[in-house]
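So the structure is just underneath, and the comments pick up after that.
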Amino acid sequence: MNQDNNIFTAELVEVTKIFSRSGNETVALNRVSFKAERGELVLFLGPSGSGKTTLLTLLAGLQEPSSGEVYIFGKRVQDYSPSSLQKIRASQMGFIFQTFCLLDSLRVIDNVTLVMKFAGIPEKSARRHAAECLERFGIGHLSNAFPGKLSQGEKQRVAVARAIANGSKMILADEPTGSLATEQGMAIIEFLYDSVKNDGISVVITSHDDRISKYADRVLHLRDGILI
Amino acid sequence: MYALKTLAIQYLRFIITAFGIALCLMLMLFLLAIYNGVSDASVRYVRESDADIWVLQRHAANLLRGTSLLSNRHGFMIKEVEGVKSIAPILFFTATVNVPSNTASMHLVGYDPKTGKGGPPEITEGDTLQNNSQIILDNAFAAKYKIKIGYKLPIRDDTLTVAGLSSGTNLFVIQFAFITLSEARKLLGYPAILSCFQVKVEPGFNPLTVAENIRSVSPDFAVYDKATFLKNNIHEAETGVMPLLYVVAMIGAIVLTALLSLILSVYVLEQQKDYAIMKALGAPLGFLPRIIIQQSLILAGSGLIIAILLFAPMLFAVKKLSPTISAESSVSQVLIVAAGLLTISLLSSILPLMRQRHIYPLEVFR
């Protein structure tokens, strides 16, 4: 692993992930190697079941590989304690999900603030920064709305605001356009592209939508767990 | 606060749960109030007497249960003991009386109304006994059977007129009633019989020494100084029907723990995805368990507030409907219940915490 974490935010080295269920083994990823660099938007394209989401969860440190090594910010994932991984996810990673995964019982601003609180940012400054992020994505007027009242596109913008609000160095996006109309979907990708170029963060997107390709610095194809 | 917001979103369920908790707490407060009221009332007669020493028949230890039979002859023996200033003979027996459209039992106390010793601790209405044809009833007993001053109460072969009503004479399962000693003996049919003597010692004498002197006079006596006798009666009151109240209160506490645990588990199941999201986003290790504990404390605290607000009117209504229920609440009881509730809140969080612990952050990627 290149220990220069000024360049790489995450790296997979010969990673294989096998799931066992009722004696049957499924190879989700097979000897995949990959580096995510700062200021780069990487797109993993592949059909359902190709291992895209597994790859993303490995990059997030949410599970460990069956073999091979996963490095997050220059350190082997197994060498992090659970609380260190939690802190890394809270303060240096941002997540965007296909189904947005907002907390419906909290207002929009509280959804964004909560993650910053996880990162240890004091409530007052977290709220101020959350409001700025929402303004940046053109949804400042929705701060006090509940997610249930928002359109799909608005929900995903909130999710993007939440992902970048804590000053993430790496954003992991799982099918971010999957629940959106084309125009809304592309607007979200443009937001992410701007963040990559303006803030120098690393964005890893998994999708089966190749219209995103034009925004990606690198496009990688996954099929049956193999990088092709 | 996420805990409060998730509870507030389902406000109807929150209100119903808080009222359910409040009802359990009111049951516990009520049982404690009965315990307190009966414990106090059962011994008030002994506590408020001015006797320094109580003399009963050998082996008898209290007034509440057990039989003590002495005679006038024993009184003469006690009077001769050095340090004894005066004695007051008292006769106790249980009788069934005809009350309006019913029958009821009462613990009759025969005493000498001239000295007043052995009489009711407090007269709340009417007067003390003036003659043998009068009776003083416990005020709760009178209220229960709607008996007023002047009512003619048939007892055995006699009919006595209600002269007054007393308080501090309600033993929960039975109540004291007071008649003259001679009338008590007449009703019982044994003219020289007694249950006990209240003894007053001469100034300057130590009651413990005088009690020892009385003991030495006759092996027939069980002699107690006031403190010991009071302790005996409190012990008897607390080991009688009272433990049952504790058992019922304990069942109430167990039901409350199960109820709260169930409700919190439902919240965890409903918020399973939220918890998975927060875990994936990097919620600190103690953050999610704290939500459940906060929810538990909010529900319990709301229930406690409702219970405190409703308890006084409920107690008033119960006393109105059933006057013989002797219930006395106090701040210390509320504090005991609050402390118990805190324990219940924490215990009931265990199962939901275990459920929450098994929520996998990868669920959000499904």
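I'm trying to understand the selection: among the residues of region B:143-161, which are touching a residue at least 24 places away in the same chain (Cβ under 8 Å) and not β-branched (Val, Ile, Thr)? The answer is B:ALA143, B:LYS144, B:TYR145, B:LYS146, B:LEU153, B:PRO154, B:ARG156, B:ASP157, B:ASP158, B:LEU160.
Away from chain B (no Cβ under 13 Å), free of Cβ contacts under 8 Å to residues at least 24 places away in the same chain and not basic (Lys, Arg): does that describe A:PRO122?
Details: away from chain B (no Cβ under 13 Å): yes; free of Cβ contacts under 8 Å to residues at least 24 places away in the same chain: yes; not basic (Lys, Arg): yes.
When the stated conditions are applied, A:PRO122 passes them.
Quick one: how many residues across region B:95-141 are within 22 Å of B:ALA51 (Cβ to Cβ), of a type in the set (Val, Ile, Thr) and in contact (Cβ under 8 Å) with a residue 40 or more places away in the chain? Before you say what the answer is, go through the steps one by one.
Filtering region B:95-141 down to residues within 22 Å of B:ALA51 (Cβ to Cβ) leaves B:107-123, B:128-129, B:136, B:138.
Imposing the further condition that a residue be of a type in the set (Val, Ile, Thr) reduces the set to B:109, B:115, B:123, B:128, B:136.
Then drop every residue that is not in contact (Cβ under 8 Å) with a residue 40 or more places away in the chain, which leaves B:109, B:123, B:136.
Counting residues in region B:95-141 that are within 22 Å of B:ALA51 (Cβ to Cβ), of a type in the set (Val, Ile, Thr) and in contact (Cβ under 8 Å) with a residue 40 or more places away in the chain gives 3.
Let me confirm something: among A:THR53, A:THR113, which residue is among the polar types (S, T, N, Q) and in contact with a strand residue (DSSP E or B) (Cβ under 7 Å, 6 or more places away or on another chain)? Before you say what the answer is, go through the steps one by one.
Details: A:THR113 fails: in contact with a strand residue (DSSP E or B) (Cβ under 7 Å, 6 or more places away or on another chain).
One residue alone meets the criteria, A:THR53.
For B:VAL201, the criteria (1) away from every other protein chain (no Cβ under 14 Å); (2) within 23 Å of B:ALA22 (Cβ to Cβ) hold in every case but one, which is (2).
Is it the case that B:GLN294 is in contact (Cβ under 8 Å) with a residue 60 or more places away in the chain, in a helix (DSSP H, G or I) and within 14 Å of chain A (Cβ to nearest Cβ)? So B:GLN294 fits the description; yes. Is it the case, given these coordinates, that B:ALA300 is touching a residue at least 60 places away in the same chain (Cβ under 8 Å), in a helix (DSSP H, G or I) and under 20 Å from B:ILE254 (Cα atoms)? Answer is yes for this residue. Among residues of region B:333-365 being polar (S, T, N, Q) and within 41 Å of the chain's Cα centre (by Cα), the one that is farthest from the other protein chains (Cβ to nearest Cβ) is B:GLN333.
Summed over region A:61-107, residues that are surrounded by fewer than 19 Cβ atoms within 10 Å (Cβ to Cβ), more than 11 Å from chain B (Cβ to nearest Cβ) and outside any helix (DSSP H, G or I) total 10. Scanning region B:258-276 finds no residues that are buried (at least 22 other Cβ atoms within 10 Å of the Cβ), among the polar types (S, T, N, Q) and either in a helix (DSSP H, G or I) or free of Cβ contacts under 8 Å to residues at least 60 places away in the same chain (or both).
Return yes or no: is B:ALA163 farther than 27 Å from B:ASN36 by Cβ, touching a His at 6+ places or on another chain (Cβ under 9 Å) and surrounded by 14 or more Cβ atoms within 10 Å (Cβ to Cβ)? Don't jump to the end; show me each part of the working.
On the way: farther than 27 Å from B:ASN36 by Cβ: yes; touching a His at 6+ places or on another chain (Cβ under 9 Å): no; surrounded by 14 or more Cβ atoms within 10 Å (Cβ to Cβ): yes.
So B:ALA163 fails the test.
Restricting the search to region B:224-239, which residues are in contact (Cβ under 8 Å) with a residue 60 or more places away in the chain and either among the polar types (S, T, N, Q) or under 16 Å from B:ALA60 (Cα atoms) (or both)?
Result: B:TYR224, B:ASP225, B:LYS226, B:PHE229, B:LEU230, B:ASN232, B:ASN233, B:ILE234, B:HIS235, B:GLU236, B:ALA237.
What are the residues in region B:271-291 that are within 7 Å of another protein chain (Cβ to nearest Cβ) and of a type in the set (A, V, I, L, M), if any? Result: B:ILE277, B:ALA280, B:LEU281, B:ALA283, B:LEU285. Take region A:206-228 and flag every residue that is surrounded by fewer than 18 Cβ atoms within 10 Å (Cβ to Cβ) and part of a strand (DSSP E or B). Within region A:206-228, A:ARG218, A:VAL219, A:HIS221, A:ARG223, A:ILE226 qualify.
Restricting to region A:155-172, what's the tally of residues that are small (Gly, Ala, Ser) and in a helix (DSSP H, G or I)? Don't jump to the end; show me each part of the working.
Step one: of region A:155-172, the residues small (Gly, Ala, Ser) are A:159, A:161, A:163, A:165, A:167-168.
Still in the running and in a helix (DSSP H, G or I): A:159, A:161, A:163, A:165.
Residues flagged as small (Gly, Ala, Ser) and in a helix (DSSP H, G or I) within region A:155-172 amount to 4.
Flag: B:ASP52 matches the condition of being modelled with pLDDT of 90 or more and either within 29 Å of the chain's Cα centre (by Cα) or not assigned by TED's automatic domain parsing to the domain that holds B:ASN213 (or both). What is the one condition in (1) touching a residue at least 12 places away in the same chain (Cβ under 8 Å); (2) in contact with an Asp or Glu (Cβ under 9 Å, 6 or more places away or on another chain); (3) farther than 23 Å from B:TYR111 by Cα; (4) surrounded by fewer than 19 Cβ atoms within 10 Å (Cβ to Cβ) that B:GLN57 does not satisfy? Unmet condition: (3).
Is it true that some residue in region A:134-143 is within 14 Å of chain B (Cβ to nearest Cβ) and either loosely packed, with under 15 Cβ neighbours inside 10 Å or part of a loop (DSSP other than H, G, I, E, B) (or both)? Taking every residue of region A:134-143 in turn, none turns out to be within 14 Å of chain B (Cβ to nearest Cβ) and either loosely packed, with under 15 Cβ neighbours inside 10 Å or part of a loop (DSSP other than H, G, I, E, B) (or both).
Does B:LYS320 count as within 14 Å of another protein chain (Cβ to nearest Cβ) and either touching a His at 6+ places or on another chain (Cβ under 8 Å) or part of a helix (DSSP H, G or I) (or both)? For B:LYS320, the condition - within 14 Å of another protein chain (Cβ to nearest Cβ) and either touching a His at 6+ places or on another chain (Cβ under 8 Å) or part of a helix (DSSP H, G or I) (or both) - is not met.
If we keep just the residues of region B:236-291 that are within 30 Å of B:GLY66 (Cα to Cα) and of a type in the set (D, E, K, R), which is modelled with the lowest pLDDT?
Narrowing region B:236-291 to residues within 30 Å of B:GLY66 (Cα to Cα): B:236-250.
So of that shortlist, the ones also of a type in the set (D, E, K, R) come out as B:236, B:238.
Working: B:GLU236: 82, B:GLU238: 77.
Filtering region B:236-291 for residues that are within 30 Å of B:GLY66 (Cα to Cα) and of a type in the set (D, E, K, R), the one modelled with the lowest pLDDT comes out as B:GLU238.
Contact map, region B:349-364: first residue free of Cβ contacts under 8 Å to residues at least 60 places away in the same chain, second residue surrounded by fewer than 20 Cβ atoms within 10 Å (Cβ to Cβ) and assigned to a helix (DSSP H, G or I), Cβ cut-off under 7 Å, separation 6 or more or different chains; the map is empty.
Please work out if B:LEU335 is in contact with a helix residue (DSSP H, G or I) (Cβ under 7 Å, 6 or more places away or on another chain) and surrounded by fewer than 18 Cβ atoms within 10 Å (Cβ to Cβ).
Values: in contact with a helix residue (DSSP H, G or I) (Cβ under 7 Å, 6 or more places away or on another chain): no; surrounded by fewer than 18 Cβ atoms within 10 Å (Cβ to Cβ): yes.
In short, no.
Looking only at region B:306-326, decide whether some residue is at pLDDT 95 or above and buried (at least 22 other Cβ atoms within 10 Å of the Cβ). The answer is yes; a qualifying residue exists.
The values are calculated or read from the model by the stated rules, or taken from the named source; none is laboratory data. Predicted model, so just to flag it, every value in this text is computed and none were measured. Heads up, the Cβs are rebuilt from the backbone with ideal geometry, glycines too, and the neighbour counts pull from every protein chain shown.
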